[in-house]
């Protein structure tokens, strides 16, 4: 969708050294109804890959799924997941919570925000932080391994703006693995108050005419 130029350059620099030797293959991939105009791209190899995902998020949560198949090469691939999501919800974002799920053990690290943009594509102050910054192991939950990355901002992502962020997944090679990313943007407090007031007002009207 509106994935910014320097974010794409960031991906290219990570992967250009050995694109022709890639042994990790992007299989079936999909998004749920909350993500519009999705784009997926896997480059790199044989050990370091970049999975670029972009789209417009209409509501919270959103979900992204991709099947990754290893075809020889590295036994321990690293995947830099770089995301560019436009804020197509009806509230500004002050935080962004990402849940990563795979069938096998993995680690998360190197999380950070690449860029922040307004509705016209102009850069905004990038004062966001991310946790975890260092290596964190996913934990087994309900037959899957689950890891978390929390992005906290000072400057909110405005409606029709965009947040570009990244993190690194490291895992021991498997023939096929399914990667799921659940996305939870958080409304800024003022917007949240308006949303709650709107819901309460609607309930009051319904009771009045019930």
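Quick note: the coordinates plus some simple rules give every number you see, no bench work behind them. In this text, all values refer to a predicted model and were calculated from it rather than measured experimentally. Positions of Cβ are generated from backbone atoms using ideal geometry, with glycine treated the same way; all protein chains shown enter the neighbour counts.
In whole angstrom, segment 104-190 maps to an equivalent ellipsoid with semi-axes of 29, 13, 12, each derived as √(5λ) from the alpha carbon gyration tensor and ordered largest first. Beta bridges per DSSP, both residues in segment 19-153: antiparallel share near 75 percent.
Put in order of Cβ neighbour count within 10 Å, fewest first, the listed residues 25, 159, 53 become 25, 159, 53.
Peptides 82-91, 129-138, 98-107 ranked from most to least packed, by the mean per-residue count of other Cβ atoms within 10 Å: 82-91, 98-107, 129-138.
Compactness check for segment 40-86: Cα Rg over 2.2 N^0.38 Å is 1.35.
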